[in-house]
Structures are given as C-alpha cells and as structure tokens.
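Down below is the structure, laid out as structure tokens.
The values are calculated or read from the model by the stated rules, or taken from the named source; none is laboratory data. Just so you know, these numbers come straight off a predicted model, no measurement behind them. Neighbour counts run over all protein chains shown; Cβ positions are idealised from the backbone, glycine included.
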Amino acid sequence: MGKCSKDKRDLYYRKAKEQGWRARSAFKLLQLDSEFQLFEGVSRVVDLCAAPGSWSQVLSRSLPEGSATIVSVDLQPIAPLPGVITLQADITHPATLTNILKLFGGEPADIVCSDGAPDVTGLHDLDEYIQGELLLSALTLATNLLRPGGKFVAKIFRGRDVDLLYSQLSLLFDKVTCAKPRSSRASSLESFIVCEGYKPRHGWLPESLTLGKMNLPLDLESTTAGNTDRERAIAPFIACGDLSDFDADATYQIEKGVGSISLEPIQKPTAPPYKTALEKKRNGILR
Ligand code: SAM
C-alpha cells in the first residue's frame, strides 16, 4: 500500500503531516490536554518513550518558551527539537532516573508522561507482559521524579486486570481517570490513565540516588496478591477531544486537488529496525 493511499485512509496521519507533527500521536496528547489542562503551571516535564517526538513537540509548543525544562527519553535517538533535551536511554534501566534528575538539577518534575509501547512480537501473553513492565517502569520513574501534587499520564491497554491497576494508582494519586482521545482508534484497547495529585506515601523517600536503583513506594506484588474484590477499583472512563472531529477508525477520501498530494514525513525514523536488515541484505548476509 503506497503512502498516498495511507494519507487518504487516516485523516489524523494526514493532518499530522499538514500541521508539522512528527506523528499522529500528537493529537492524543492535545486532546488529553484539552480535557485535563495538563500543562497549567508546569515547568519541568519528562516525556518517556518519546520518539519520534510528537508529544515533545506538543510540550515545547504549549509550555512558555525559555522557562520550561522538557526532558524526552527513548531507546531510539530523537532528532533535535527546539527547547527539548533528548536522552537516548532505556526507561527500565535504573541509571535513567539518575540521568534525568541530573538534567533537572535535582528538582522534581511537575508532570511525567509516557506513550510507551514495545515492539510487538505477536505472542499475546509476552506482549502484554512487556507492556506491563514498561508501564511499571514509567510509574516507578514518576514516583521518583514527581513533586507532591504532580501528574502522571500513561498509555495503557485495557486488559483483564485493569481494575487492579486503578486501585494501585489511587493509592498514589488523588484522582485517577481513564481517558480515550478521539484520535485513538475506538477499535483499539489503547487508552490513557491520567493521574492527578501525586501523594507520596507516608515516610516515602526516593532512595534511588543513594542506592543506585529505582524504588516504588508501594509493594505492588502484595497489593495484587490477595486479588480480592475489595482491592479492585473502577476509574471513571471518559472520551476526550471534539467528538464531532474525525473518526480515527474511519476511511476518508480526500477530494482531488491540493489535499490529495502526498506529503513527506516530518521526521524520518532515526534508527528504524529495518535498517540492520537492509544492511545485512546489502552485504549478502541476509537473503
Ligand atoms: N509519544 C511518541 C510520539 O508522540 O512521537 C510516540 C511513542 S511510540 C508509540 C513508543 C515508543 O516507545 C517507541 O519510540 C519505542 O522506542 C519506545 N520504547 C519502547 N520501550 C522502551 C524502553 N524500554 N525505554 C525507552 N523507550 C522505549
């Protein structure tokens, strides 16, 4: 399928290119912000799993120029963006926390967001497990980085145990909401948890810098072990963004004319997974 037909298929993909966003995911953060006013009074932000960088673009365009520090982290190199400090790192690695804290001069963050998704293997259980680990790492970083009252926004895939996740999160935050932006396909289990009002547990001190490891202020194993109904919680689920806006699942046919001209990507992938395969093929190692 050519890029022209994809332009026609997915209006958010097309609009992202027209408006200069590196990925269609930009609309998800914009729609979450329009519902939750995420960026109000924010000056230190961590964008986890940020490549190619459309959330970081939204942050850099939304926050006051010069007075905000935005640190964006990904396994992949992120092409430079104005007002954004990029860090190529694994969010599951303990050294990543220390490196982010250094960039903030030891000051806490106002908001930590994560749009993390692993490369899918197609093995459902394994993919679900890796996604869960990624979310846990993002939450661990958030609890070590956030100021009291801070916010955590992360992508989740609503599965069997999502109510347990809500109950664990509500021990750490005043308010937990599950939100589905209009630009996220209704056919996908993807949604976002928006956690407001971080409340560090009594006596909790992030010990990461002294111990060289990341700590969670909760023993999540023990909160899930009992698995009783009492421990399950239901978070409010809301749709956000203009509901009369484009349907992310629908196919739109662009009228012939300017709108039908194919547009180049705003930022080509810096280290696409297929690069190694192509090199191997070129060198005759792969057939
Ligand atoms: N929010 C991004 C944007 O708007 O451009 C899109 C993020 S993309 C859906 C998911 C990202 O998660 C990928 O770039 C991937 O490299 C990153 N990722 C997956 N596992 C990671 C890990 N362990 N540490 C850091 N980044 C990771």
### Message
Condition check: of a type in the set (A, V, I, L, M, F, W, C) and farther than 23 Å from N144 by Cα. Does A89 satisfy that?
### Response
no
### Query
Could we say that V42 is buried (at least 18 other Cβ atoms within 10 Å of the Cβ), in contact with a Lys or Arg (Cβ under 9 Å, 6 or more places away or on another chain) and assigned to a loop (DSSP other than H, G, I, E, B) here?
yes
### Close pairs from segment 15-37: first in contact (Cβ under 8 Å) with a residue 60 or more places away in the chain, partner more than 11 Å from the ligand (Cβ to nearest atom) and in a helix (DSSP H, G or I), Cβ under 6 Å, at least 6 apart
R24/Y12; R24/Y13; F27/Y12
### Query
Looking at segment 57-73, which of the residues that are over 14 Å from G116 (Cβ atoms) and among the polar types (S, T, N, Q) is farthest from the ligand (Cβ to nearest atom)?
S67
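Regarding I100, is this residue assigned to a strand (DSSP E or B), of a type in the set (A, V, I, L, M, F, W, C) and either more than 8 Å from the ligand (Cβ to nearest atom) or more than 18 Å from I156 (Cα to Cα) (or both)?
Working: assigned to a strand (DSSP E or B): no; of a type in the set (A, V, I, L, M, F, W, C): yes; either more than 8 Å from the ligand (Cβ to nearest atom) or more than 18 Å from I156 (Cα to Cα) (or both): yes.
So I100 fails the test.
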### Message
Quick check on Q76: is it surrounded by 15 or more Cβ atoms within 10 Å (Cβ to Cβ), more than 20 Å from V194 (Cβ to Cβ), within 16 Å of the ligand (Cβ to nearest atom) and of a type outside the set (A, V, I, L, M)?
### Response
yes
### Message
I'd like the full set of residues that are surrounded by fewer than 17 Cβ atoms within 10 Å (Cβ to Cβ) and either away from the ligand (no atom under 12 Å from the Cβ) or of a type in the set (S, T, Y) (or both), limited to segment 109-126.
### Response
T121, G122, L123, H124, D125, L126
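Count, please, the residues in segment 103-139 that happen to be part of a loop (DSSP other than H, G, I, E, B) and farther than 19 Å from D161 by Cβ.
Adding up the residues that qualify gives 10.
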### Message
I'm trying to understand the selection: among the residues of segment 59-69, which are surrounded by fewer than 24 Cβ atoms within 10 Å (Cβ to Cβ) and of a type outside the set (D, E, K, R)?
### Response
S60, S62, L63, P64, G66, S67, A68, T69
### Message
Which of the numbered conditions does E18 fail, given that it passes all the others? Conditions: (1) more than 13 Å from the ligand (Cβ to nearest atom); (2) modelled with pLDDT of 95 or more.
### Response
(2)
### Task
Say whether the condition of being in contact (Cβ under 8 Å) with a residue 12 or more places away in the chain, crowded, with 18+ Cβ neighbours inside 10 Å and among the basic types (K, R) is met by at least one residue in segment 142-163.
yes
### Query
Among (1) touching a residue at least 60 places away in the same chain (Cβ under 8 Å); (2) over 15 Å from S184 (Cα atoms); (3) more than 8 Å from the ligand (Cβ to nearest atom), which single condition is L48 missing?
(3)
### Summary
Selection over segment 27-45 where residues are more than 16 Å from the ligand (Cβ to nearest atom), of a type in the set (D, E, K, R) and either within 18 Å of I70 (Cα to Cα) or within 12 Å of the chain's Cα centre (by Cα) (or both) yields a count of 2
### Message
For the list (1) at pLDDT below 90; (2) over 16 Å from the mean Cα position of the chain (by Cα); (3) among the acidic types (D, E), I need the number of the one condition that E107 fails.
### Response
(1)
### Query
Would a scan of segment 82-91 turn up a residue that is crowded, with 24+ Cβ neighbours inside 10 Å, within 12 Å of the ligand (Cβ to nearest atom) and closer than 21 Å to A16 by Cα?
no
